[in-house]
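The values are calculated or read from the model by the stated rules, or taken from the named source; none is laboratory data. In this text the structure is predicted, and so the values were computed from the model without any measurement. Note that we place each Cβ from the backbone using ideal geometry, even for glycine, and neighbour counts take in every protein chain shown.
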Amino acid sequence: MNEMNALIAAILAGDCAASASLTGQLRRAGFAAPDIVMQGVEAAMSALDGKCTAEDFNLLEIMLAGRAVTEIMKLLYPPGSALAATKATVVVAALEGDVHDLGKNILKMVLTGSGYRVADGGKDCPLPRLIDMAEEERPLAVGISGLITPVIPRVRQVRNLLKERGLEGVKVVAGGAALKQASAERLNVDFVAESAFDGLHYLEELVGERR
Amino acid sequence: MNGLQRIATAVQFQATDRVPVIAQVFGHAARFCGVPLDNYLQDGNTLASCQLKAWERYGYDAVFSVMDANVETEALGAPLRYSENQYPVVERYPLSPEASCDGLTVPDPEQAGRMPEMLKALAVLRREAGDKVAVIGCVLGPFTLASQLLGLEKALYLAVDDPARWGRFLDFATEVAIRFGQAQMQAGAHLPMVFDPAASPAVIPAAVFREFELPRLERLFQAFAQAGAMANWLHIAGPAAPILPYYPKAGVQIANFDYPVSAPQVRQQLPATCVDGNIKPLLFVDGSPAEIAAESAALLDAFRNRGGFILSSGCEIPPEAKPDNIVALVQAAGNA
């Protein structure tokens with residue numbers, strides 16, 4: 001397990017080159033890709049989660065870990081290869097009118113590193129496109145990140161639009177600087193996440209309930 | 001006492017006739033006057049006229065020439081997309097991550113992009129309001145402006161992968177801020193507020209702030225003080241508590257604090273610095289005047305025996321805010 005611990009440390013340090021090299025060593029030592037994801041990547045994300053408290057949470061640290069995770073996943077699952085089994089699918093987007101996608105990208109990294117499949121609606125995403133994606137993907141949840149307040153009226157519509165398509169079982173999670181100032185009730189969503197990890201905890205509870 | 005005197009006195013921790021109040025009204029002034037935001041942001045006369053009308057209506061203690069977070073970015077060559085109801089967005093950043101900033105020249109505030117319009121707005125505001133109210137300009141702080149050259153995500157990776165090159169981006173950004181801020185004071189600003197959201201601990205660890213941002217802020221604020229700034233005002237939103245202890249060394253005399261930082265925290269960390277804050281901006285949109293009054297009363301209580309406090313929102317009051325909520329904020333200061 002020394003290499004696995006080293007991989008966890010490399011991810012937490014945001015060391016992309018070391019993460020890639022250790023992933024190669026683990027593969028050569030006979031570890032299967034899903035084991036590296038569960039014992040290495042997910043363990044690192046869990047450690048990062050514990051480290052990022054409400055008082056000490058910054059995008060840079062998570063971005064660096066996320067970049068290392070992205071590199072590892074590319075090595076383990078090159079384009080075209082079958083994806084690992086996932087806990088659930090989540091559709092993420094920044095809605096039309098909001099071109100700030102860093103928060104959404106952070107959520108994507110945290111979820112991918114924690115065993116979820118993420119369908120990315122991108123930034124400035126029109127509501128019809130988001131709902132179409134939800135219909136196609138049948139996700140556990142839709143995650144909406146918002147940095148600016150003018151998107152709030154659109155956020156409020158998401159749950160009703162999902163319901164109109166018979167997707168009332170899909171949970172709506174909101175986060176980001178503007179949205180987290182509001183309550184779930186005022187945003188008409190199921191959960192307002194204080195951080196990407198807070199959103200992850202909510203999804204983990206949903207996954208637990210489904211099992 | 002007038003607004004300017006109130007703020008200047010609060011900075012010195014001396015007694016004022018009432019607690020100064022600054023509603024961070026920027027684009028809301030356009031909405032208030034029924035003017036399209038893109039017009040307000042591109043025409044200095046329109047901006048000044050809307051700011052003056054909003055000031056006459058609300059009666060707070062400062063007016064602003066703040067446009068949006070992309071004035072400098074545009075002046076450095078980034079095309080922006082404007083719209084009637086929202087702040088403009090960058091269509092293409094001026095530099096790629098591989099590029100050096102050595103080829104960039106510090107923009108001339110009299111010529112570049114909308115910088116001359118902001119100077120025009122400041123001249124009108126000062127001419128019309130004189131010294132009755134604080135006339136506040138705005139520059140982007142080093143971390144935010146340097147990030148705007150590449151886009152935040154790429155900039156943050158560069159800061160880690162090539163700190164020396166990132167340092168040169170920050171030095172360049174500091175020079176841009178110094179020149180633009182000096183021009184704003186020459187045009188009529190009592191001070192240029194330094195707006196630096198990308199330096200927030202929400203984005204970078206406090207150690208990165210200390211190593212990269214602090215020395216540049218010191219340089220920037222020294223230059224502003226020498227140019228006659230009434231005070232040095234730093235505006236970093238979000239959970240700023242871990243970096244507050246560095247503010248006095250940076251030369252900060254007014255520290256904005258946002259709603260994730262509590263009044264006791266800021267009192268403890270900045271015992272001798274005037275602070276402004278910290279009502280949740282969104283409460284001005286979907287809250288009620290009674291809620292604003294209650295939040296204001298709690299803040300006024302928290303600073304009652306200390307002084308050095310300006311009642312304000314934690315960050316910009318959104319353009320779509322309800323006017324009655326801004327009235328409630330100003331009334332709360334009057335009732336204190």
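Among residues belonging to region B:35-92 that are among the charged types (D, E, K, R) and part of a loop (DSSP other than H, G, I, E, B), point out the one that is surrounded by the most Cβ atoms within 10 Å (Cβ to Cβ).
In this case the residue turns out to be B:61.
Sort out which residues of region A:125-160 are within 14 Å of another protein chain (Cβ to nearest Cβ) and crowded, with 17+ Cβ neighbours inside 10 Å, and write them in order of number.
Once the filter is applied, which keeps residues that are within 14 Å of another protein chain (Cβ to nearest Cβ) and crowded, with 17+ Cβ neighbours inside 10 Å, region A:125-160 yields A:145, A:146, A:147, A:148, A:149, A:150, A:151, A:152, A:154, A:155.
Does residue B:220 meet the test of being buried (at least 24 other Cβ atoms within 10 Å of the Cβ), in contact with a Ser or Thr (Cβ under 8 Å, 6 or more places away or on another chain) and either free of Cβ contacts under 8 Å to residues at least 40 places away in the same chain or within 11 Å of chain A (Cβ to nearest Cβ) (or both)?
Answer is no for this residue.
It is to be established whether one or more residues within region A:110-120 are over 16 Å from residue A:204 (Cβ atoms) and either over 9 Å from the mean Cα position of the chain (by Cα) or surrounded by fewer than 17 Cβ atoms within 10 Å (Cβ to Cβ) (or both).
yes
I need every pair where a residue in region B:250-265 that is away from every other protein chain (no Cβ under 14 Å) and part of a helix (DSSP H, G or I) has its Cβ under 9 Å from the Cβ of a residue that is surrounded by fewer than 22 Cβ atoms within 10 Å (Cβ to Cβ) and among the polar types (S, T, N, Q), sequence separation at least 6 or different chains.
As it stands, the answer is none, since no pair meets every condition given.
Under 7 Å between Cβ atoms, at least 6 apart or on separate chains: pull out the pairs that start in region B:26-40 with a residue that is in contact (Cβ under 8 Å) with a residue 24 or more places away in the chain and end on any residue that is among the small types (Gly, Ala, Ser) and surrounded by fewer than 20 Cβ atoms within 10 Å (Cβ to Cβ).
Filtered contacts from region B:26-40: B:38/B:83.
Would you say residue B:290 is among the hydrophobic types (A, V, I, L, M, F, W, C), more than 14 Å from chain A (Cβ to nearest Cβ) and either surrounded by 17 or more Cβ atoms within 10 Å (Cβ to Cβ) or not in a strand (DSSP E or B) (or both)?
yes
Mind checking which residues of region B:282-310 are touching a residue at least 60 places away in the same chain (Cβ under 8 Å) and in contact with a Pro (Cβ under 7 Å, 6 or more places away or on another chain)?
Answer for region B:282-310, where residues must be touching a residue at least 60 places away in the same chain (Cβ under 8 Å) and in contact with a Pro (Cβ under 7 Å, 6 or more places away or on another chain): just B:310.
Out of region B:99-113, which residues are more than 25 Å from the chain's Cα centre (by Cα) and small (Gly, Ala, Ser)?
Passing the criteria: B:99, B:100, B:103.
Is it true that residue B:180 is away from every other protein chain (no Cβ under 14 Å), surrounded by 24 or more Cβ atoms within 10 Å (Cβ to Cβ), touching a Gly at 6+ places or on another chain (Cβ under 7 Å) and within 16 Å of residue B:109 (Cβ to Cβ)?
No; evaluated as a whole, the condition is false for this residue.
If residue B:284 satisfies every condition in (1) at pLDDT 95 or above; (2) surrounded by fewer than 22 Cβ atoms within 10 Å (Cβ to Cβ); (3) under 26 Å from residue B:319 (Cα atoms); (4) within 14 Å of another protein chain (Cβ to nearest Cβ) but one, which is the exception?
Just one mismatch for residue B:284, condition (2).
Being under 19 Å from the mean Cα position of the chain (by Cα), in a helix (DSSP H, G or I) and not hydroxyl-bearing (Ser, Thr, Tyr) narrows it down to one of A:189, A:207, A:173, so name that one.
The conditions single out A:207.
May I ask you to list the residues in region A:69-113 that are hydroxyl-bearing (Ser, Thr, Tyr) and farther than 19 Å from residue A:172 by Cα?
Listed by number, the residues that qualify are A:70, A:77, A:81, A:86.
Out of B:321, B:231, which single residue is under 18 Å from residue B:32 (Cα atoms), modelled with pLDDT of 95 or more and in a loop (DSSP other than H, G, I, E, B)?
B:321
In region A:166-188, what residues are among the hydrophobic types (A, V, I, L, M, F, W, C), within 14 Å of chain B (Cβ to nearest Cβ) and either farther than 25 Å from residue A:62 by Cα or without any contact (Cβ under 8 Å) to a residue 60 or more places away in the chain (or both)?
Scanning region A:166-188 gives A:174, A:178, A:179, A:182, A:184, A:187.
Of these, B:25, B:11, B:66, which one is farther than 23 Å from residue B:321 by Cα and either within 18 Å of the chain's Cα centre (by Cα) or small (Gly, Ala, Ser) (or both)?
Just a single option satisfies the conditions, and that option is B:11.
Confirm whether residue A:210 is closer than 22 Å to residue A:88 by Cβ, exposed (fewer than 15 other Cβ atoms within 10 Å of the Cβ), modelled with pLDDT of 95 or more and more than 13 Å from chain B (Cβ to nearest Cβ).
Criteria not met by residue A:210.
So, residue A:163, is that one within 14 Å of chain B (Cβ to nearest Cβ) and either outside any helix (DSSP H, G or I) or among the basic types (Lys, Arg) (or both) or not?
Spelling it out, it is not the case that residue A:163 is within 14 Å of chain B (Cβ to nearest Cβ) and either outside any helix (DSSP H, G or I) or among the basic types (Lys, Arg) (or both).
So that you can scan it fast, the table gives a plain yes or no per residue for (1) away from chain A (no Cβ under 14 Å); (2) over 20 Å from residue A:147 (Cα atoms); (3) surrounded by fewer than 24 Cβ atoms within 10 Å (Cβ to Cβ):
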{"residue": "B:141", "(1), (2), (3)": "yes, no, no"}
{"residue": "B:163", "(1), (2), (3)": "no, yes, yes"}
{"residue": "B:169", "(1), (2), (3)": "yes, yes, no"}
{"residue": "B:184", "(1), (2), (3)": "yes, yes, no"}
{"residue": "B:189", "(1), (2), (3)": "yes, yes, no"}
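So how many residues does region B:105-159 have that are charged (D, E, K, R) and assigned to a helix (DSSP H, G or I)?
Summing the residues that are charged (D, E, K, R) and assigned to a helix (DSSP H, G or I) in region B:105-159 gives 7.
What's the total number of residues in region B:239-252 that are closer than 26 Å to residue B:298 by Cα, surrounded by fewer than 22 Cβ atoms within 10 Å (Cβ to Cβ) and under 17 Å from the mean Cα position of the chain (by Cα)?
Going through region B:239-252 one residue at a time, the tally reaches 1.
Tell me, yes or no, whether region B:128-135 has at least one residue that is β-branched (Val, Ile, Thr) and within 29 Å of residue B:206 (Cβ to Cβ).
No: zero hits.
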